[in-house]
Number of protein chains: 2
Amino acid sequence: MLLREFIRFNVIFLSLINEVRVRKVLILGGDGFCGWPTSLHLSDAGYEVIIVDDFSRRKTDVELEVESLTPIRPLGERLRVWRDVSGRNIRHVAITIGKEYRELLELLVSEKPYAIVHFAEQRSAPYSMKSSSHRRLTVNNNLSATNDVLAAIVESKLDIHLVHLGTMGVYGYGTTGMKIPEGYLKVQVEEDGEIRGREILYPSNPGSIYHMTKAQDQLLFAFYNKNDGLRITDLHQGIVWGTQTSQTRRDKYLINRFDYDGDYGTVLNRFLMQAAINYPLTVHGTGGQKRAFIHIQDTCRSIQLAIEHPPEKTDRVKILNQMTEIHRVRDLAKLISDKTGVGIAYVDNPRKESAENDLLAVNDQLLEMGLRPITLNEELLNEVEQVAKKYSSRCDQNKIPCLSRW
Amino acid sequence: MLLREFIRFNVIFLSLINEVRVRKVLILGGDGFCGWPTSLHLSDAGYEVIIVDDFSRRKTDVELEVESLTPIRPLGERLRVWRDVSGRNIRHVAITIGKEYRELLELLVSEKPYAIVHFAEQRSAPYSMKSSSHRRLTVNNNLSATNDVLAAIVESKLDIHLVHLGTMGVYGYGTTGMKIPEGYLKVQVEEDGEIRGREILYPSNPGSIYHMTKAQDQLLFAFYNKNDGLRITDLHQGIVWGTQTSQTRRDKYLINRFDYDGDYGTVLNRFLMQAAINYPLTVHGTGGQKRAFIHIQDTCRSIQLAIEHPPEKTDRVKILNQMTEIHRVRDLAKLISDKTGVGIAYVDNPRKESAENDLLAVNDQLLEMGLRPITLNEELLNEVEQVAKKYSSRCDQNKIPCLSRW
């Protein structure tokens with residue numbers, strides 16, 4: 001009996017140690033719009049965070065001759081300030097994911113992270129469609145980045161859960177009125193004269209080169225999961241809005257970036273900025289496009305939930321729809337116009353897409369894991385007042401229109 | 001009336017000129033196993049052929065320390081001999097597709113080809129699975145090559161029909177007994193409580209990194225077709241066997257390559273070579289895998305048919321199953337064993353795949369265009385006698401086993 005008690009005690013003790021052990025997470029692209037607040041959120045939640053970033057997003061600002069509306073600080077300064085206000089250390093490693101493979105592999109082998117969050121992709125649809133060289137850059141960067149991360153996990157022989165930021169834009173049937181499921185579609189197929197049920201990866205129908213690379217990423221994930229048994233969560237994210245999180249608010253030097261330019265500014269952030277400077281809200285076409293949205297703070301929470309609910313090694317790729325609200329673009333414009341008094345300007349749609357579409361989507365899994373969404377209605381005016389208006393003197397109005405047409 | 005007659009005459013005259021005009025075709029990868037005989041076939045058929053090739057296939061032989069069983073000549077010599085025996089000129093341009101984008105674009109703009117045949121991809125499944133660096137090379141090379149070709153066609157503003165060599169290996173349901181359609185699958189989906197019919201790109205289920213890149217290529221084609229109106233034919237090719245065509249036979253210096261090594265040797269060519277040197281036919285696992293085959297001469301004919309039956313600009317991507325026969329691997333081994341007396345050796349399957357699978361596939365479109373297939377039964381012994389036995393002294397038996405395992 002004594003031996004049995006001793007063993008039982010040890011099992012409990014070891015499992016407690018395992019719970020308490022600080023989990024190490026690599027954030028690829030941890031200096032970017034989603035990556036930075038996610039890094040702080042996970043650090044605040046007790047994770048040991050290592051940011052891997054080669055500043056490619058800041059370099060794109062240089063190329064486009066634009067700047068974040070908010071005065072973001074150099075990463076080294078951000079990390080020093082975070083250490084001062086939180087007592088927590090975040091390290092930074094400069095590796096170009098997709099090119100410096102050996103460096104990435106050595107990092108995995110030496111750090112043995114519990115999870116990797118992969119933001120290291122070119123993430124603007126208009127940017128990906130500006131020219132042939134932007135199409136090429138987006139395909140070459142995004143595909144080689146994702147494949148390198150997967151190949152390095154396999155070569156490291158470590159059991160690392162990969163959490164990837166995908167997009168709602170990979171889905172195909174946005175116009176049918178069907179509620180989009182989370183990643184997989186139940187279909188019936190006629191085989192040998194019989195109708196059989198199958199569940200397939202949702203057929204992708206991307207609207208830009210950028211979105212297409214995320215659809216190609218899905219094929220990489222499916223293959224590495226099937227062939228190498230990798231544990232992968234793919235988060236199909238809606239359009240992210242908002243700037244600050246409870247972590248970035250803790251010091252003015254921790255402020256997150258806010259893009260309002262025609263290439264990197266998402267529709268809602270552009271509206272907020274336009275409202276702040278009383279510049280008519282530019283609606284593409286009829287504004288009849290329905291889009292899915294999520295607040296930046298909920299992005300951070302969702303990623304933590306994804307890390308803490310990994311799939312089993314024998315599971316297929318886990319796909320979650322990371323969005324909390326769906327709105328028609330012209331309704332959003334009207335909402336902001338009503339709240340702020342700014343006008344609305346309808347302009348030609350630069351994109352090849354349906355003028356009007358319906359969109360319904362399932363997001364049950366994150367809600368079940370405990371996500372309690374921040375709503376547009378409650379946070380919208382805060383954003384206009386505390387971010388857009390506050391920094392409006394930094395706005396270059398010439399950069400607002402989307403000049404990329406396709 | 002005179003004017004009307006005059007106009008009518010001119011219309012007829014111009015359309016005749018258009019028919020007679022020599023059509024220019026670029027063959028990307030025109031020095032390789034399928035590319036070389038295709039270049040000669042099209043040249044012989046009256047096309048003006050330009051080979052674009054950076055000799056990457058020959059360089060891979062150097063890396064793997066193997067050689068074609070047949071003594072292939074340098075490309076410059078091949079082209080001189082072809083000019084002598086045919087009176088036809090084939091030019092060669094050395095451009096690395098996927099890297100030298102400007103050179104490719106300038107070539108399109110200056111030559112204005114009628115069609116491009118795209119073979120410029122790493123095409124061995126075992127090679128793509130040898131190591132992380134081979135996975136990376138295959139993804140980076142194949143995706144950037146295909147995207148560069150598509151982006152260059154868009155940027156050139158020319159209406160060029162792209163004919164791409166895909167693979168039967170992208171299909172997913174090889175084990176269900178369903179007859180695989182040509183590229184698109186009819187499914188029924190429940191939408192808003194109603195069952196609706198949809199036709200989708202056949203859900204891919206690739207078995208190697210190589211096959212996966214061809215599935216990713218499909219997403220590139222679908223996007224460029226939808227967004228930019230490109231005319232694209234994707235040929236989902238079976239396993240190619242045979243060596244010589246009616247063009248390569250015209251001089252010993254025109255001989256095509258014959259790969260028998262564990263990485264690049266296709267199953268049937270390896271069997272032929274093994275039969276020639278009385279080396280037991282190595283069958284992976286139970287040999288229960290059914291595979292689709294096509295003779296190299298039929299590959300050339302199919303590509304000509306594809307060029308001559310382009311899709312309309314408003315059509316979706318045209319997908320043809322480029323295969324003529326389906327056999328179970330152990331049945332093939334038995335057929336060759338019976339004809340030649342060589343033994344059969346069952347070895348562990350190095351691949352992750354079903355031990356036994358059924359395979360049925362539609363190939364109606366090429367047959368309707370006029371393809372009259374060469375059958376295994378009629379050509380098999382010729383291959384053993386005229387190629388494999390003739391050059392058997394050049395065989396390095398150590399290179400036969402497939403050492404790449406996954």
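Every number in this text was worked out from the coordinates using simple rules, so none of it is lab data. These figures come from a predicted structure and were not determined experimentally. Backbone-built Cβ (ideal geometry, glycine too); neighbour counts: all protein chains shown.
The radius of gyration of the Cα set in the protein assembly as shown, together with its Dmax, comes out at 29.0, 116 angstrom. Taking amide H positions as modeled 1.01 Å from N, with prolines and chain starts lacking one, the residues under 5 Å from A:W241 and 5 or more places away or on another chain are A:I294, A:H295, A:I296.
With q set to 0.19, 0.22, 0.27 Å⁻¹, the log10 of I(q)/I(0) for region A:240-293, from the Debye formula over equal scatterers at the Cα positions, is -0.75, -0.92, -1.14. In order along region B:343-350, phi translates into HN-Hα couplings of x, 10, 10, 8, 10, 4, 6, x Hz, rounded to whole numbers, per the Karplus curve 6.51 cos²θ - 1.76 cosθ + 1.60 with θ = phi - 60° and x for Gly and Pro. Within region A:2-399, DSSP assigns beta bridges of which about 25% are antiparallel (rounded to the nearest 5).
When the convex hull of its Cα atoms is viewed from all sides, region B:75-130 shows a mean projected area of 5.8 nm². Using the rule -39500 (n - 2.57) for each DSSP H run of four or more residues, divided by the residues of the protein assembly as shown, the 222 nm mean residue ellipticity is -12000 deg cm²/dmol. Once the Cβ-Cβ distance between A:N382 and A:K252 is put in as r, and R0 is 22 Å, what FRET efficiency do you end up with, to the nearest 0.05? For R0 = 22 Å, the calculated efficiency reads 0.85. Between region A:295-338 and region B:233-304, the alpha-carbon centres lie 50 Å apart.
Listed by Cβ neighbour count within 10 Å, with the fewest neighbours leading, B:I195, A:I209, A:I153 appear as B:I195, A:I153, A:I209. Quotient of the Cα radius of gyration of region A:325-406 and 2.2 N^0.38 Å, N being its number of residues: 1.39.
If every alpha-carbon in region B:108-164 counts as one equal scatterer, what log10 I(q)/I(0) does Debye give at q = 0.12, 0.30 1/Å? At q = 0.12, 0.30 Å⁻¹ the computed log10 ratios are -0.36, -1.18.
Taking a sphere under 10 Å around the Cβ of A:W82 and counting the other residues whose Cβ falls inside, with K and R at +1 and D and E at -1, yields a net charge of +1.
Bridgeable aspartates and glutamates around B:K339 (alpha carbons under 20 Å apart, same-chain partners fewer than 8 residues away excluded): B:E325, B:D331, B:E378, B:E379, B:E383, B:E385.
Ignoring lysines fewer than eight residues from A:K290 along the same chain, the ones with Cα atoms less than 16 angstrom from its Cα are A:K179, A:K334, A:K352.
Relative to the globular-protein estimate of 2.2 N^0.38 Å, the Cα radius of gyration of region A:18-116 stands at 1.12. For A:K24, the lysines whose Cα falls under 25 Å of its own Cα, not counting residues fewer than eight places away in the same chain, are A:K99, A:K112, A:K157, A:K313, A:K318. Each of A:Y127, A:Y279 was scored by other Cβ atoms within 10 Å of its Cβ. Arranged with the fewest first, they read A:Y279, A:Y127. Legend: Rg and Dmax of chain B, from Cα coordinates, 21.8, 80 Å. Rg/Rh for region B:351-392 (Cα atoms only, Rh after Kirkwood) is 1.16. Cβ crowding within 10 Å, taken as a proxy for footprinting-reagent exposure, orders B:Y114, B:Y47 from fewest neighbours to most as B:Y114, B:Y47.
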